Amino acid sequence: MTTTQTIEKVIPSPLERGLENISYSLVPLVPLAVKPNHITWIGFGASAFAALSFYLASFNHIWLLVAVVAIVAHLILDALDGAVARQRNQTSKAGFFLDLFLDCLAFVLIPVGIYFSSFAPLNIVAANAITYPLHSMLLLHWVHLRNKWIFPIIGPCEAHLGYIAMAILTFFWKGDVLTVWHYTFDWFDLIALVVTPLVLLEIFISAFKLLKELEASQ
């Protein structure tokens, strides 16, 4: 993420902290002609290709593995753009906006790609598609009102790993995994049903904390 402001970053997720350290180690490998926004656009392209790959997996399951590669690429590039911007003093408000907007779009496209692949019903897809934009809206309020960048415990890194797990498990274990009360669930259903309520709970807890900080500061 890129901005000209000095913002306090709070990263409770050890996976997110590890990814950030890896992204800084990759900065020397990025040519000087490549700007942070270039990386952001390439990363978004990887997420769009992941969504397309999930759809194509309906016709050939090998595309599930292609989706895994695309998601890994998006995961790395999504952290690398901010690392390059900070290390090379190329932060900007435009970059901050572009990164956040394309991230939101990416986390809508991937569930839509999954839905059109028939791996998950519309209600599961819809629940996943709204959680990241909702978190981003709350994040912007933290930045604007408290000058804090609050990463969630179950954040982008964990979301990427969830999609990777869905794809790999489905590749090796196709079809329904569990039946409860005449409802059948595959890996996409099961992982989404476990993770989505936890993400929503964390969003509401973060919103409550922000409200309390704002009330205390008045």
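The values are calculated or read from the model by the stated rules, or taken from the named source; none is laboratory data. Just so you know, these numbers come straight off a predicted model, no measurement behind them. Quick reminder, even Gly has a Cβ in these numbers, built from the backbone with ideal geometry, and neighbours come from all protein chains shown.
For the list (1) without any contact (Cβ under 8 Å) to a residue 60 or more places away in the chain; (2) under 19 Å from the mean Cα position of the chain (by Cα), I need the number of the one condition that L52 fails. With respect to (1) without any contact (Cβ under 8 Å) to a residue 60 or more places away in the chain; (2) under 19 Å from the mean Cα position of the chain (by Cα), L52 is out only on (1).
The residues of the stretch 141-157 that are within 11 Å of the chain's Cα centre (by Cα) and modelled with pLDDT of 85 or more amount to a single one, C157.
Of all residue pairs spaced 6 or more apart or on separate chains, those with beta-carbon atoms under 8 Å, a first member in the stretch 103-120 that is of a type in the set (S, T, N, Q) and a second member that is part of a helix (DSSP H, G or I) are S117/F54; S117/Y55; S117/L56. Does the stretch 149-194 hold any residues that are surrounded by 15 or more Cβ atoms within 10 Å (Cβ to Cβ) and either farther than 23 Å from L64 by Cβ or among the aromatic types (F, W, Y) (or both), and which are they? If the condition is that a residue be surrounded by 15 or more Cβ atoms within 10 Å (Cβ to Cβ) and either farther than 23 Å from L64 by Cβ or among the aromatic types (F, W, Y) (or both), then W149, I150, F151, P152, I153, G155, Y163, F171, F185, W187, F188 are the ones that fit. Across the stretch 87-109, the number of residues qualifying as under 21 Å from L19 (Cα atoms) and surrounded by 16 or more Cβ atoms within 10 Å (Cβ to Cβ) comes to 11. For the stretch 167-191, residues that are touching a residue at least 12 places away in the same chain (Cβ under 8 Å), within 24 Å of the chain's Cα centre (by Cα) and not in a helix (DSSP H, G or I) total 1.
Cβ separations smaller than 6 Å between residues 6+ apart or across chains give the following pairs from the stretch 19-38 residues that are within 21 Å of F96 (Cβ to Cβ) and touching a residue at least 24 places away in the same chain (Cβ under 8 Å) to residues that are β-branched (V, I, T) and surrounded by 18 or more Cβ atoms within 10 Å (Cβ to Cβ): V27/V84; V30/V84; P36/T2; P36/V84.
Scanning the stretch 139-166 for residues being more than 15 Å from H74 (Cα to Cα) and in contact (Cβ under 8 Å) with a residue 60 or more places away in the chain gives a total of 13. Checking N37, N21 one by one, the residue that is buried (at least 16 other Cβ atoms within 10 Å of the Cβ) and among the polar types (S, T, N, Q) is N37 and no other.
Quick check, is L210 touching a residue at least 24 places away in the same chain (Cβ under 8 Å) and touching a Lys or Arg at 6+ places or on another chain (Cβ under 8 Å)? Here the answer is yes, as L210 does meet what is asked. For the stretch 157-164, the condition of being assigned to a loop (DSSP other than H, G, I, E, B) and of a type in the set (D, E) holds for none of the residues.
Within the stretch 110-122, restricting attention to residues that are buried (at least 19 other Cβ atoms within 10 Å of the Cβ) and hydroxyl-bearing (S, T, Y), the residue that is farthest from the chain's Cα centre (by Cα) is S117. Condition (residue is part of a helix (DSSP H, G or I), among the charged types (D, E, K, R) and loosely packed, with under 15 Cβ neighbours inside 10 Å) applied to the stretch 201-211: is it met by at least one residue? Taking every residue of the stretch 201-211 in turn, at least one turns out to be part of a helix (DSSP H, G or I), among the charged types (D, E, K, R) and loosely packed, with under 15 Cβ neighbours inside 10 Å. Residue pairs whose Cβ atoms lie under 7 Å apart, separated by 6 or more positions or on different chains, with the first residue in the stretch 84-99 and part of a loop (DSSP other than H, G, I, E, B) and the second small (G, A, S), are T91/A85. For the stretch 43-50, the count of residues that are over 30 Å from P31 (Cα atoms) and surrounded by 23 or more Cβ atoms within 10 Å (Cβ to Cβ) is zero.
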